[in-house]
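See structure below.
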Amino acid sequence: MLRLPPFQYLAPKNLAEAAHMLSQEGERAMLVAGGTDLYPNMKRRQFTPPVLIGLRGIPTFKNISGSAEEGMHIGAGVTLTTLAEHPLLLAHYPALATAAGSVSTPQLRNVGTIGGNLLLDTRCNYYNQTEFWRHSIGYCMKKDGDICLVAPGSPRCWAISSADTAPVLVSLGASVRLVSVRGERIVPVQDLFRDDGIHPYTKATDEILSEVILPSATGWQSVYLKLRRRGSFDFPILGVAVSLSASEDGTVSEVRIVLGAVASYPVVAKDAATLLIGQRLTPETIEAASTSAARRAKPLDNADLTMNYRKQVATVYIRRALSHFLNSNYIK
Amino acid sequence: MSKQEQNRAQPVHPYTIVGTPRAKVDAYAKVTGRAVYADDILLPRMLYGRILRSPHAHARILSIDTSRAKKLPGVLAIITGEDLPQKFGILPSSQDEYALAIDKVRYVGDPVVAIAALDPDILDEAIKLIQVEYELLPALMSIDEALAHPEVKINDEARIGNIHKAVSYEFGEIEAGFAEADYIREDWFYYEGNNHAPLEAHACVAQWEPNPSDPIGGKLTLWTSTQTPHYVHRELSKVLGIPQSHVRVIAPHVGGGFGGKSDPFSHEICASELSRRTGRPVKITCTREEVFLLHRGRHPVKMWIKTGVRRDGSLTAMHFRSFLDGGAYGSYGIASTYYTGALQTVTYTLPCYKFEGMRLFTNKPPCGPKRGHGTTQPRYAVEVHLDKIAFDLGIDPVELRRRNLIEPYSYTVNGLRITSCALGECLDRVVERSGWNSFHADKQIVAAGLHAENGASSAVTTVKRGMGLAASSYICGAGKPIYWNELPHSAVQIRLDRSGGVTVYCGATDIGQGSTSILAYIVAEELGIQIGRIHLQTADTALTPVDLGSYSSRVTFMAGNAAIAAARKLKEQLFQVAAERMQVSPERLYAVNDVIYDEDDPGVTLSFEHAVQFAEARFGALVAAGSYTPPEGIHGDYKGAGVGPSPAYSYSTCVAQVAVDEETGEIVVEKLWLAHDVGQSINPLLVAGQVEGGAYMGYGEAVMEQQIFRKGRHKIPSLLDYKLATTLDTPEIETILVEIPDREGPFGGKEAGQGPLNPVIPAIANAVYNAVGVRVDEVPITSDKVFKALRNQSQGKGMGLQPSPIETPSPWPTRLIKWQPEEHQSAMKRQSDHTSLQEGVL
Ligand SMILES: Cc1cc2nc3c(=O)[nH]c(=O)nc-3n(C[C@H](O)[C@H](O)[C@H](O)COP(=O)(O)OP(=O)(O)OC[C@H]3O[C@@H](n4cnc5c(N)ncnc54)[C@H](O)[C@@H]3O)c2cc1C
Ligand code: SF4
């Protein structure tokens, strides 16, 4: 068994205390919620923080409030199991419940949180390896090395944004509350990400994600599809999240198509959405939008199955996600 | 009532314990976490050990500097290759491993330095302080590269280039056989290797007990998660230079092996040596990554088959070639090479058969035996190849197989003796239970209907269903031991205590398959006692008589027969005194449920305890032993005939139903039906467990598992990235037990541990073809391959995805051995009729 490196564990009792500790400890500290992403990474020495600040003891982090009409507030510490089984989410934000329920295994969903999922470290199969493995290949620029092993000529890291809920939350138009000793701010989830495999988040190091805010679901429908080799356990190698609102005659008034696991951030397929707005969903309009959206998927050889395959089935998955609304009689 | 019970013919046997489903004797200990595994062992003053492994696939070691690590407080010993210069290996013919590399490393993960320290954190630090200087050598990572670069010599065991072993056989007249054929087909197949992935990682604790008054200096005990304590015992003694009499190897509870714990390993030897040097116990527990690097898993094999058939589907000739990617060392590889060819003849009757095989060294972790050892890959190839032939000839694939079934109690063209065989019944049962005929009839109607409507696209879904079938056979124990000698393959001792306790001693190693439970059931059945009073001592080279180990599906058959033999001796003594006390003749006595009674007058009884006391008073201490050696006359008399023979063969058939998405290539295996000819199940629940385990494992191998490499390294050495099926992924499995007792098996029993895996992979492959009409002649059949195959087909580029052929060396780099069965069979038959029944064989 791989062992955790030594660290000091701090257990704040509320958000203010947590923010205070984080600002005190500075760069030495990392936050941990469920630890299902961070601990394995620490065991492989991707991170060796001398201090961990545990968020489990913050009572408000477990709250869920609001309604489908006015929108919902989900505490950062709500577990994926809770999300996957929540009746309001299942009824009104089904894509989020599906995405949460598709993460990993039941055991990990019982401890893994929505906050941790959004802020999951980016992934790459040259990087998610043990210290021995990375040493043997000479490391890469994301940690301890100089070059990118996937694209050796590249000046940047292409590690993949692999959180299932991330594309869904972007497509739902959700935002997050970030809290620090300096104050708090609310940012759209989309703005939480940046196109950089090494520094994928715009969150400042002293900020804590306290909650996810979902906008009203009225008039919206959503869907999430996930590609992976194994039906259980696996990270997505493609995620397709779509949220859509249509007028009574079936004309699409708004739609957001977001692709997960095809880049270092959730990719919003704007052009494809534009093709659909003002149109009715038909096999033809769907095909055109899918082809357009799939162009945004540029997988590299750093995840499971072949790049070509991941690229080629993107069209199919996007088409199916959109066709879902056709089948579910999207006009309400 | 569970499914396997429903599917079992009503018991016709006269047993009280044998044949009834019940929990394993250690079930409670295991499910409550009480069972002690190697890594659970903590001894006073124990140190922790670790191995520094090669970061390079192929390199010369220029220097090793351990001086800085040695100075680190808490480091107690460091050893390198020169401290353990004796070569070893599981096979006497492949003694090519060092406990720690000398001069050269041959794969990423090859052990180089071993350290013992006070705790694992110190090990972390110490390992970073060791400096090894390497000179890189070119690494060969595939069969093709190994063949193409004979000048890069990986392992000195290879006589020509990197060819570790080449074999060539012709049984019967192959050319005449092909001349008789109406149709001949050739195919290439590739089976990518995979790891056993037992949930328990390898672990061991070594304890050297110094004793200055003993000229040897002391005794060594090693607790290790192994399937073969006997062979670890041998090799430890050899490498450490300690006589076997001074070494004790104990296998505690083992958390799965599947063949991956059948070799003696570097970490076992190093822990022992570190313990000897420090005088303190040393534990080494491997990481999951190390399990992938120790490997000894399924060989990647490229295969070519050419088969001749008559119009009616009867086989006239088969020519089979296998190319095995062996990794860097020998391990069981020579046996694996033979196994890729030896059992082709055991399932279907082949009038003539030619087999050429070769194993190549590559710069990868060594391959070895995995469940189905060496037979899984060819079985996949043969069963898919036959399916293609059936299709070509327009014969139902079930029919084609039925026409060629091997006869019970016969000899194969390569001289193997077949005893009981219920393959025909297995076929019937699996066809019936799966609804094979109606599935295919409906499919044709649907196809015709769609055609008529010209594919009314709205009704057509992208998911297509298919059903495929395959059959197979497997050995019930290797007929020959690894070291050829006259000694028994298994032995059991039983001691009866005047308290009524019964202790059974046997070297058999329970790796989760339930071999310890089987000993208890058999002894309880024979003595007519309750299982609860039996104490079991197993897998301890100092306490238990030798059983060769849990490999080749040999334990129930061999230890079972030995247990019967031992128990019968004691029963005879008990009945003798009981008969006198009860004043009836011993023939009328019957023992069941701790009571001996008169069959003609069941009111006349004597308790087991009393019988034991009377017997001990009469005969002295009550101890008996039984042993088992496979019969003679079960194989041909050519060189290499020792791999393949077995005292019996099990038979299995599988039907798989799959759903394939034509647009994405994604496969869902919906259901597996598996019929298994087990002779007689000793405990049907455990047999069903093995069948389901085989089905599950075969499913994973068929559609997801891959031991793959990139840039010289294992690409995915973790249980997240190496795709092992979980319970959630596993399809529904219907187990069908076919019980026609074998004449020589214990109570008629045969193996169940490995055989049922073999038909699963080709059944799934055939089902995928049946579903979408493309062949992916490569395992695993992943969605990206199916996708590509469908693309190829729609673009008119062939029937699917076929592996690239290997340019066959000409001439084949070894002498052809020709062998004619007729000359020997009559002689063998005469001999086997007279073979004195082995002790304990029913
Ligand atoms: C075997 C395995 C399979 C997995 N499969 C999937 C999968 O299929 N899909 C998927 O999306 N994920 C998967 N995961 C990843 C992980 O389990 C989930 O993403 C989970 O939601 C992470 O949540 P956590 O609370 O455990 O995060 P943690 O590990 O506690 O934290 C993850 C990161 O987020 C930061 N963080 C956590 N909470 C906060 C906060 N409130 N404010 C600021 N920073 C915070 C931490 O500092 C850390 O950097 C898998 C993990 C494993 C081990
Ligand atoms: S994308 Fe390149 S730099 Fe980033 S983790 Fe992978 S190999 Fe390293």
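The values are calculated or read from the model by the stated rules, or taken from the named source; none is laboratory data. Here the structure is a predicted model, which is why all the values come from computation and not from measurement. A quick note on method: Cβ atoms are made from the backbone with ideal geometry, for glycine too, and the neighbour counts reach across all protein chains shown. The area values use the complete protein model at the heavy-atom level, side chains included, leaving out ligands, DNA and RNA. Shrake-Rupley method; radii C 1.70, N 1.55, O 1.52, S 1.80 Å.
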- Message: Filter the range B:320-369 down to the residues that are among the β-branched types (Val, Ile, Thr) and either over 18 Å from B:Asp263 (Cα atoms) or assigned by TED's automatic domain parsing to the domain that holds B:Ser54 (or both) and list them by number.
- Response: B:Thr340, B:Thr345, B:Val346, B:Thr347, B:Thr349, B:Thr362
- Give the residues of the range A:106-126 that are within 14 Å of ligand 1 (Cβ to nearest atom) and either touching a Cys at 6+ places or on another chain (Cβ under 7 Å) or of a type in the set (Ser, Thr, Tyr) (or both), sorted by residue number. A:Thr113, A:Thr122
- Just checking, which of A:Thr205, A:Thr130, A:Thr165 is out of contact with any strand residue (DSSP E or B) (no Cβ under 6 Å at 6 or more places or on another chain), among the hydroxyl-bearing types (Ser, Thr, Tyr) and open to solvent by 40 Å² or more (accessible area, probe 1.4 Å)? A:Thr205
- Message: On the basis of being within 14 Å of chain B (Cβ to nearest Cβ), within 14 Å of ligand 1 (Cβ to nearest atom) and crowded, with 17+ Cβ neighbours inside 10 Å, does A:Gln46 make the cut?
- Response: yes
- Message: For the range B:607-623: of the residues being not small (Gly, Ala, Ser) and not in a helix (DSSP H, G or I), which is farthest from the chain's Cα centre (by Cα)?
- Response: B:Leu622
- Among A:Lys270, A:Lys311, A:Lys226, the single one that is free of Cβ contacts under 8 Å to residues at least 24 places away in the same chain, under 26 Å from A:Leu119 (Cβ atoms) and within 23 Å of the chain's Cα centre (by Cα) is A:Lys270
- Query: Which one of these is free of Cβ contacts under 8 Å to residues at least 60 places away in the same chain and away from chain A (no Cβ under 14 Å): B:Val691, B:Val678, B:Val774?
  - Reply: B:Val774
- Item | Those residues of the range A:92-124 which are open to solvent by 20 Å² or more (accessible area, probe 1.4 Å) and within 16 Å of ligand 2 (Cβ to nearest atom), in sequence order | A:Arg123
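Results for (1) of a type outside the set (S, T, N, Q); (2) within 14 Å of another protein chain (Cβ to nearest Cβ); (3) away from ligand 2 (no atom under 16 Å from the Cβ); (4) over 23 Å from A:Thr81 (Cα atoms), shown as yes or no for each residue.
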position: A:Trp158; (1), (2), (3), (4): yes, no, no, yes
position: A:Leu169; (1), (2), (3), (4): yes, no, yes, no
position: A:Val176; (1), (2), (3), (4): yes, no, yes, no
position: A:Val187; (1), (2), (3), (4): yes, no, yes, yes
- Are any residues in the range B:118-137 within 16 Å of A:Leu4 (Cα to Cα) and among the acidic types (Asp, Glu), and if so, which ones? B:Asp119, B:Asp121, B:Asp124, B:Glu125
- Task: Consider B:Val772 carefully, then state whether it is modelled with pLDDT of 95 or more, among the hydrophobic types (A, V, I, L, M, F, W, C), under 24 Å from A:Tyr317 (Cβ atoms) and under 31 Å from the mean Cα position of the chain (by Cα).
- Result: no
- When only residues in the range A:49-74 that are part of a loop (DSSP other than H, G, I, E, B) and of a type in the set (A, V, I, L, M) count, which is surrounded by the most Cβ atoms within 10 Å (Cβ to Cβ)? A:Leu55
- Query: What are the residues in the range A:248-264 that are of a type in the set (Ser, Thr, Tyr) and either without any contact (Cβ under 8 Å) to a residue 60 or more places away in the chain or more than 16 Å from ligand 1 (Cβ to nearest atom) (or both), if any?
  - Reply: A:Thr251, A:Ser253
- Item | Matching residues, the range B:726-738, being surrounded by 20 or more Cβ atoms within 10 Å (Cβ to Cβ) and within 7 Å of chain A (Cβ to nearest Cβ) | B:Asp729
- Message: Condition first: away from chain B (no Cβ under 14 Å) and either of a type in the set (Phe, Trp, Tyr) or open to solvent by 40 Å² or more (accessible area, probe 1.4 Å) (or both). Now tell me which residues in the range A:292-323 satisfy that.
- Response: A:Arg295, A:Arg296, A:Lys298
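Which residue out of A:Gly77, A:Gly34 is more than 16 Å from ligand 2 (Cβ to nearest atom) and either open to solvent by less than 10 Å² (accessible area, probe 1.4 Å) or of a type in the set (D, E, K, R) (or both)? Quick ask: steps written out before the conclusion?
Values: A:Gly34 fails: either open to solvent by less than 10 Å² (accessible area, probe 1.4 Å) or of a type in the set (D, E, K, R) (or both).
None of the others qualify; the one that does is A:Gly77.
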- Item | Unmet requirement for B:Lys785, which otherwise passes all of (1) crowded, with 17+ Cβ neighbours inside 10 Å; (2) part of a strand (DSSP E or B) | (2)
- Message: Take B:Val660 and tell me if it is under 22 Å from B:Thr376 (Cα atoms) and either within 14 Å of another protein chain (Cβ to nearest Cβ) or open to solvent by less than 10 Å² (accessible area, probe 1.4 Å) (or both).
- Response: no
- Residues in the range B:338-361 that are in a loop (DSSP other than H, G, I, E, B) and either within 19 Å of the chain's Cα centre (by Cα) or farther than 13 Å from B:Lys165 by Cα (or both): how many? 5
- Residues located in the range A:138-149, provided they are away from ligand 1 (no atom under 16 Å from the Cβ) and either in contact with a Phe, Trp or Tyr (Cβ under 7 Å, 6 or more places away or on another chain) or part of a loop (DSSP other than H, G, I, E, B) (or both): A:Gly138, A:Tyr139, A:Cys140, A:Met141, A:Gly145, A:Asp146, A:Ile147, A:Cys148, A:Leu149
- Note on the structure: Considering the range A:130-144, residues that are more than 7 Å from ligand 2 (Cβ to nearest atom) and touching a helix residue (DSSP H, G or I) at 6+ places or on another chain (Cβ under 8 Å), and then whichever is farthest from the other protein chains (Cβ to nearest Cβ), we arrive at A:Lys143
- Message: B:Ser652 - would you say it is in contact with a strand residue (DSSP E or B) (Cβ under 7 Å, 6 or more places away or on another chain), buried (at least 19 other Cβ atoms within 10 Å of the Cβ), more than 14 Å from chain A (Cβ to nearest Cβ) and in a strand (DSSP E or B)?
- Response: yes
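Just to check your reading of the model, which residue among A:Pro266, A:Pro236 is in contact with a helix residue (DSSP H, G or I) (Cβ under 9 Å, 6 or more places away or on another chain), within 14 Å of another protein chain (Cβ to nearest Cβ) and buried (at least 19 other Cβ atoms within 10 Å of the Cβ)?
Sole residue among the options that is in contact with a helix residue (DSSP H, G or I) (Cβ under 9 Å, 6 or more places away or on another chain), within 14 Å of another protein chain (Cβ to nearest Cβ) and buried (at least 19 other Cβ atoms within 10 Å of the Cβ): A:Pro236.
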- Item | Selected residue [among the small types (Gly, Ala, Ser), in contact (Cβ under 8 Å) with a residue 60 or more places away in the chain, open to solvent by less than 40 Å² (accessible area, probe 1.4 Å) and out of contact with any strand residue (DSSP E or B) (no Cβ under 8 Å at 6 or more places or on another chain)] from B:Ala197, B:Ala158 | B:Ala197
- Restricting attention to helices (runs of 4 or more DSSP H) lying wholly within the range B:366-453, give those where 3 or more residues are closer than 25 Å to B:Pro821 by Cα. B:376-393, B:397-402
- With B:Pro717, B:Pro741 as the choices, which residue is in a loop (DSSP other than H, G, I, E, B) and more than 14 Å from every other protein chain (Cβ to nearest Cβ)? B:Pro741
